[in-house]
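The values are calculated or read from the model by the stated rules, or taken from the named source; none is laboratory data. Bear in mind the structure is a predicted one, so any value in this text is a computation, not a measurement. We place every Cβ from the backbone using ideal geometry, glycine too, and count neighbours over all the protein chains shown. Just the protein is used for accessible areas: all its heavy atoms, side chains included, with ligands, DNA and RNA removed. Shrake-Rupley method; radii C 1.70, N 1.55, O 1.52, S 1.80 Å.
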Amino acid sequence: MPDLTRLPPVVARRRAGVRSHADLLSTPIIVLLGGAAVALWVSTRKLDDIETRALQPSAILSDLGQHLILTAYSTFFVIVIAVPLGILLSRQGARRIRNVVLAVSGFAQALPPYGVLVLIAFAPAPFGFNPFSVIAGLVAAALLPVLRNTVVGLRQVDPALIEAARGMGMSARATLFRVELPLAVPVMMAGIRVALVLNVGTAVLATFVGGGGLGSLIVRAQTLNRPIVLVTAGAIVAALALMVDWLAGVAERLVRARTS
Amino acid sequence: MSRATTNPGGSADRPPDQQPMIVLEGVSKTYPGHLTPAVAEVDLAVARGSIVMLVGPSGCGKTTTLKMMNRLIEPTTGRILLDGEDVTKVNADQLRRRIGYVIQQVGLFPHFTVGQNIGVVPRMLGWERRRIRQRIDELLELVGLPPGEFRDRYPRQLSGGQQQRVGVARALAADPPVMLMDEPFGAIDPITRERLHDQFLEIQRTVRKTICFVTHDLQEAIKLGDHIAIFAAGGRIAQYDTPEMILSRPANDFVREFVGSGAAVRRLHLIALSTLALDKIATGSSATAGAHPVIEVDGSGRPVAWIRVPGVDGSPALATVPLSGSVYDAVDAMLDAHSSAVAVVDGDGRAVGALRWEALVGELQMRGRHR
Amino acid sequence: MDLISYLRENAGTVLLYGEQHLLVVFFAIALGSTISIGFALLVTPGEAAPQRWSLDWILGAIRDGALLVTAAALTVPSLALLVLLLPLFGLGAATTVTALTIYSLYSVLRNSVAGLSSVDAGVLESAKGLGMGRLRRLIRVQLPLAWPVILNGIRVATLIDVAIAAVAALVRGPGLGQLVLTGLSRYGAANAFNQVLVGTLGCLVVAAVFEIFYAIVERLTVPRGIRV
Ligand SMILES: Nc1ncnc2c1ncn2[C@@H]1O[C@H](COP(=O)(O)OP(=O)(O)O)[C@@H](O)[C@H]1O
Ligand SMILES: [Mg+2]
């Protein structure tokens, strides 16, 4: 007779498989509900000329384009700088600096990206009120999470695995690339996702230092002093950030599924 | 303890007593989503002041059975009576305050001192502060932890064995008539466990609780239990009887296999040294000729070495065993010392008699014939 | 003018902004922590593995939903959230405190949930077995044991809020962001750079004050038996 007591856990596991990704639905639902609410509100109002002009799709799309470009560049440079640095810091010899960096990286969250951005714009050329400063500021503001997660991800790899790899005759470099890094990827991805979201958010402030982006939409709305434009602008920016985070979350989930 | 109240060889099903303290009637439990019950149609009656051991392989429903008694788990069918009262008819929290509960993980509250841990239930029952304090000290004495030293410590400052003793004290705090214990000594090293067993029986001699005790260790069940319920897979009781009967008359193949080989040796646990006729012992260095073994004692009467043991060449190594122990302990001591005789000592360590290998084997033969 | 003499001459203003910054964050954290901890206590299931559709199961689902929503809120750019709140609360402190409160929810909630549900199963089972009711278990056992973890969540939330509060100046919120904003608008003028620098680094000072405060709170409130 088959062991019937075994049945329920199997069923339960299959259900858990579906449910464990159900949370991915939450962000699209929030965005849709929020978007619908704003759209409903706007549609009940009659827009005057100024409001219509402020909300012209072409202007919004151009801001959006700038925003995405700023975000993409800065995230790219964050990864290019922070990952190798994190690998270096994770090596045995860098213990002292590593501990300092890890200790500082938490506290540094209190440093406002807004101030950092303005400070960099105030620096002499090639800095100044230009996109280059903006990207430098975004990179500075988002560097630490990636650095931290790279170090932590590499350090949490089971030492026994590293020892086993070395024991089989793998070189230190081969061990790093074929054992340590693949195992650290999920944690590193989480850090990159944080950086990406930070960059989307900080890029909103780029407009104050000559960088454009969706912040311009908000500033225009603010100067118009039209609540309807302001709320629409805020909602668009919020929706963008949520969707970027969501996409990054999906990517993270895919990477995790592949590595574990 | 109530080993005397059991009736070796008596009727198998129910322990004899006026009214049992705990009664399970056709109790079953099927966990939601499971197709087969974890506990199936269990009948069990536990006599007042006795220890019943629930033994069996893991996963056979011992813990489930125990937790139904204090309603941590609700039975699917059947009735559970505590002192004649249906437990499902009373408030679960009130019920649990009247039942001591000890688990393997101990579960002391890490943010409470030892004293506060023991005082939890009395405080919930609204005892006066002074009475709680007295009770804490009394219980710490009882479990052998000097109150002055341990009352204000935190759990993490105790060893595993000490933690478990505090766990027992905490369960005893409000003087509940019933104690439920789920593998309380399961995570403790063998040497400490032996000591805790002895202390446990000692405590039970004074408090005389009705105890249900879960273990997967048959040895422990035999040592501690007045009765043993052997659980088989599927949550059924395969045999409910005294340790003696379980070892000598297994009711079915499952029990026979579970008891396994070595049942005869295990039975030695059940013969108390105090029930044997021990050899008289002569003390002092004056080697008076005669049939008695002669032992050298120190000023306070504690044995130091054998001088002469009849039937043995030379003077064998000295091994001692307490009078409160069992024949198993005596044999163990002899084998350990490579000696064919053992000195039996009283609570103060004074020699009260001797047990020789030949005499023991003769005695066991005689008992075997009489059974 | 150099930084030192700038600070000497404007100590009063800088301190005032610093104090505003501190207070605005403090109020937001107090509010956000109260909401998060209270909510976490309300939705903590009484059982680790509750049955489908039982009360405990539903509470667990509500808790998971709240975590998702507050996590999503944290990804909304601060300026966007601030302008979304403007129609409701107007320019100034009310909008600022509301936004900062919203940003503080997730860290405190996540740590409260984690702390309350990670209490050792044996401890909870014996609490239950000794006859402690659900509320008593929650308040007397789970909350004190979870407290160090919760406090850590409050710390993280504070660091996040200190940084975000600087942006609130853009909706006339109080605090060090005002210095950054003034400096930015006076680009090229004397002391403009110093204002931005002090406004930015001042946030670290405010954060340090909070860290000291929390170290004291931890010392005073974490039970001795579980202090590391
Ligand atoms: N809370 C629970 N939910 C579902 N099944 C359980 C639960 N607790 C125990 N079981 C199942 O019930 C059976 C008996 O468990 P238990 O009483 O703990 O056995 P024992 O204590 O004898 O090892 C096992 O098959 C176990 O998997
Ligand atoms: Mg068990």
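Helix by helix through chain A, keep the DSSP H runs that span 20 Å or more along the axis on Cα and average at least -0.5 on Kyte-Doolittle, and give those back in order. Can you show the working numbers first?
Values: long enough: A:26-44 (27 Å, 1.69); A:57-90 (47 Å, 1.55); A:131-155 (35 Å, 1.46); A:181-203 (31 Å, 1.70); A:227-259 (47 Å, 1.34).
Sorted by number, the helices that extend far enough and score high enough are A:26-44, A:57-90, A:131-155, A:181-203, A:227-259.
Quick one: what are the phi-derived ³J(HN,Hα) couplings along the stretch B:212-223, Karplus 6.51/-1.76/1.60 with θ = phi - 60°, whole Hz, x for glycine and proline?
In residue order, the calculated couplings are 9, 10, 8, 8, 9, 9, 4, 3, 4, 4, 5, 5 Hz.
May I ask for the accessible area buried between chains C and A, both sides summed, probe 1.4 Å, to the nearest 100 Å²?
Protein heavy atoms only, the C-A interface buries about 3300 Å².
At most 14 other Cβ atoms within 10 Å and a DSSP loop assignment: could you name the trypsin sites (Lys or Arg not before Pro) in the stretch B:192-291 that fit?
B:ARG208, B:LYS280
Among A:185-193, A:219-227, how do they line up by average Cβ neighbours within 10 Å per residue, starting with the highest? List each step's numbers first, then the result.
Numbers: A:185-193: 21.4, A:219-227: 16.1.
Most protected by this proxy first, the peptides run A:185-193, A:219-227.
Using the heavy atoms of the protein chains and a 1.4 angstrom probe, tell me the accessible area per residue for the stretch A:48-259 in square angstrom. Working shown, then result.
Values: 9660 Å² over 212 residues.
With all protein chains present, the stretch A:48-259 gives 46 Å² per residue.
When the solvent-accessible surface of protein heavy atoms is calculated with a 1.4 angstrom probe, in what order do A:LYS46, B:LYS62 fall, highest first?
So the residues, ranked largest to smallest area, are A:LYS46, B:LYS62.
Taking accessible area as the heavy-atom solvent-accessible surface of the protein chains with a 1.4 Å probe, which residues of the stretch B:156-175 lose no less than 50 Å² upon going from the isolated chain to the full protein assembly?
B:ARG156
Compute the Cα gyration tensor for chain B, then decide on rounded, prolate or oblate, letting a ≥ b ≥ c be the square roots of its eigenvalues: rounded whenever a/c is under 1.5, prolate when a/b is larger than b/c in the other cases, and oblate in all that remain.
oblate
Within 10 Å, count the other beta carbons around each residue, average over each peptide in A:201-211, A:245-255, and list them highest first.
Top to bottom by mean Cβ count within 10 Å: A:201-211, A:245-255.
Could you state how much accessible area B:ASP217 has, in square angstrom rounded to the nearest 10, with a 1.4 Å probe and all protein chains kept in place?
50
Mind checking the mean number of beta-carbon atoms from other chains within 10 Å of the Cβ atoms in A:194-206?
3
Highest GNM mean-square fluctuation, chain A, Cα pairs closer than 10 Å: which of A:LEU40, A:LEU138, A:LEU61?
A:LEU40
Using only the Cα atoms of the protein assembly as shown, build the gyration tensor, take square roots of its eigenvalues as a ≥ b ≥ c, and label the shape rounded, prolate or oblate: rounded if a/c is under 1.5, else prolate if a/b is larger than b/c, else oblate. The partial results should precede the final answer.
Working: a/c = 2.75, a/b = 2.37, b/c = 1.16.
Note, shape of the protein assembly as shown comes out prolate.
Under 5 Å between amide hydrogens, which residues at least 5 positions from B:GLY100 or on another chain qualify, with H placed 1.01 Å from N in the peptide plane?
B:VAL178, B:MET179, B:LEU180
Per-residue Cβ counts within 10 Å, from other chains only, averaged over A:227-235: what number is that? Before the final figure, lay out each step's value.
On the way: counts 3, 1, 1, 4, 6, 2, 4, 11, 4.
Shielding by partners across A:227-235 averages 4.
Given Cα positions, please report Rg to Rh for the stretch C:3-226, the hydrodynamic radius being the Kirkwood one.
Details: Rg = 20.9 Å, Rh = 19.2 Å.
We get a ratio of 1.09 for the stretch C:3-226.
List the residues of the stretch B:73-98 that lose 20 Å² or more of accessible area once all protein chains are present, compared with their chain alone (1.4 Å probe, heavy atoms only, no ligands or nucleic acids).
Residues passing the criterion (a loss of at least 20 Å², heavy atoms only) are B:ASP93, B:ARG96, B:ARG97.
From the Cα gyration tensor of the stretch B:301-361, with a ≥ b ≥ c the square roots of its eigenvalues, which class applies: rounded if a/c is under 1.5, or else prolate if a/b is larger than b/c, or else oblate? List each step's numbers first, then the result.
Values: a/c = 1.76, a/b = 1.17, b/c = 1.50.
Verdict is oblate for the stretch B:301-361.
Can you pull the Rg over Rh of the stretch A:48-259, Cα-only, Kirkwood? Mind dumping the intermediate values first?
Working: Rg = 20.4 Å, Rh = 18.9 Å.
Rounded to two decimals, Rg over Rh is 1.08.
Provide the buried accessible surface between chains A and B in square angstrom, both chains summed, 1.4 Å probe, rounded to the nearest 100. Each step should come with its number before you reach the end.
Numbers: alone 15360 and 17870 Å², together 32900 Å².
Looking at A and B, the buried total is near 300 Å².
Once you place label points 7 Å from the Cα toward the Cβ at B:ARG133 and C:ALA114, how far apart are they in nm?
For B:ARG133 paired with C:ALA114, the spin-label model returns 4.2 nm.
Need the list of lysines near B:LYS29 for cross-linking: C-alpha distance under 25 angstrom, and skip anything on the same chain fewer than eight residues off.
Those lysines meeting the cut-off are B:LYS62, B:LYS67, B:LYS89, C:LYS128.
Within the accessible area of the protein assembly as shown, what % is carbon and sulfur when the probe is 1.4 Å and the other protein chains stay in place?
Within the protein assembly as shown, the accessible surface is 60 percent carbon and sulfur.
Taking H placed 1.01 Å from N in the peptide plane, check which residues at least 5 places from B:SER339 or on another chain put their amide H under 5 Å from its amide H.
The list, which skips near neighbours in sequence, is empty: none.
Before anything else, pin down the relative contact order of chain A: Cα pairs under 8 Å, at least 6 apart, normalised by residue count, whole percent.
Reported relative contact order: 27 percent.
At 1.4 Å probe radius, can you tell me the per residue accessible area of the stretch B:273-370 in Å²?
Solvent-accessible surface per residue comes out at 54 Å².
Within chain B, what percent of beta bridges assigned by DSSP are antiparallel, to the nearest 5?
Percent antiparallel among DSSP bridges in chain B is about 55.
Using a 10 Å cut-off on Cβ to Cβ distances, tally the other chain neighbours for every residue of B:107-120 and report the average as a whole number.
5
In whole Hz, what ³J(HN,Hα) sequence does the stretch C:77-85 give by Karplus (6.51, -1.76, 1.60; θ = phi - 60°), x for Gly and Pro?
Using θ = phi - 60°, the values come out as x, 4, 5, 5, 5, 4, 6, 5, 7 Hz.
So what's the angle, to the nearest 10 degrees on a 0 to 90 scale, between helix B:129-142 and the longest Cα principal axis of chain B?
Approximately 40 degrees, to the nearest ten.
Give me the accessible area buried between chains C and B, both sides summed, with a 1.4 Å probe, in Å² rounded to the nearest 100.
The C and B chains share an interface burying roughly 2100 Å².
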